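I have placed the structure first, in the form of structure tokens, so that the comments after it can refer back to it.
Where a number appears in this text, it was derived from the coordinates with a stated rule and is not lab data. Keep in mind the model is a prediction, meaning the values are calculated, not measured. When we count neighbours, we look across all protein chains shown, and the Cβ atoms used for this are built from the backbone with ideal geometry, even at glycine.
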Amino acid sequence: MSKLNIEQIHHVAYRCHDAKETVEWYVKNLNMDFVLAIAENQVPSTKEPDPYMHVFLDAGNDNVLAFFELPTKARMGRDENTPEWVQHIAFKVKDMDTLLGYKTQLEQNGVEVLGVTDHSVFHSIYFFDPNGHRLELAAPDRQEQAKLDKLDAVKWEMLEEWSRTKRAPKHADWMHAKELDQ
């Protein structure tokens with residue numbers, strides 16, 4: 001038998017308050033195409049009688065972002081034990097000019113944007129969709145590959161040290177050296 005491999009993510013699905021509002025927000029703010037809607041009164045996998053609207057958006061490069069509106073369920077919340085900055089959806093954009101263009105577009109549409117944040121390997125902006133999902137747009141740094149190669153060389157050592165100590169290893173302190181110098 002040959003080695004089993006995942007080809008790619010087929011789609012990721014999240015819950016939304018209002019399917020139409022969600023689709024319109026992603027089309028307007030992130031220029032995503034609305035590609036598919038599925039609505040049923042019974043869950044196919046569990047056969048549970050529960051109406052839902054399932055919408056799919058083109059997130060580029062054969063990636064699909066999907067949402068479920070579940071009108072019979074209690075209003076959705078978030079994991080209160082996890083800081084809101086942890087759980088997020090990150091989308092890659094071509095370059096810094098594109099990132100800054102999105103920042104301007106989002107702000108003109110009344111979306112509060114945090115950043116640009118310098119992560120050394122890439123640069124990001126952060127904001128929330130109308131459902132409270134935190135989103136990130138990330139543009140590669142000009143020296144992305146060299147920095148990724150440097151991180152790749154120490155990833156296992158870092159993971160082992162973290163596993164033992166639960167403290168940030170020093171292997172990649174260079175990533176934030178500019179901040180430390182200030």
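For this structure, a couple of remarks:
- Of the residues Thr165, Thr22, Thr98, the one with the fewest other Cβ atoms within 10 Å heads the list, and the complete ranking is Thr165, Thr98, Thr22.
- Centre separation in Å (Cα based) which lies between region 96-118 and region 13-91: 23
- DSSP-defined antiparallel bridges as percent of all bridges, the chain, nearest 5: 70
- Close amide H pairs (under 5 Å, H built 1.01 Å from N) link Ile89 with Arg134, Leu135, Glu136, residues at least 5 positions away or on another chain.
- Counted residue by residue at 0.36 nm each, then reduced by the alpha carbon distance between them, the extension gain from Asn109 to Glu160 reaches 13.9 nm.
- Sum of side-chain charges, Gln42 neighbourhood, beta-carbon under 13 Å (Lys, Arg +1; Asp, Glu -1): -2
- Positive minus negative residues near Val93 (Lys, Arg vs Asp, Glu; Cβ under 12 Å): 0
- For the chain, the longest site-free run once GluC sites (Glu not before Pro) in DSSP loop states with at most 10 other Cβ atoms within 10 Å are removed: 8-79
- If only the Cβ of Lys and Arg carry +1 and only the Cβ of Asp and Glu carry -1, the dipole of region 41-124 around its Cα centre is close to 180 debye.
- Loop-resident trypsin sites (Lys or Arg not before Pro) (DSSP state other than H, G, I, E or B) in region 38-125 with no more than 12 further Cβ atoms inside 10 Å of their Cβ: Lys47, Lys73, Arg75, Arg78, Lys94.
- Residue order, fewest to most surrounding Cβ atoms within 10 angstrom, among Ser124, Ser163, Ser45: Ser45, Ser163, Ser124
- Simple label model, 7 Å out from Cα along Cβ direction - Asn63 to Arg167, nm: 3.5
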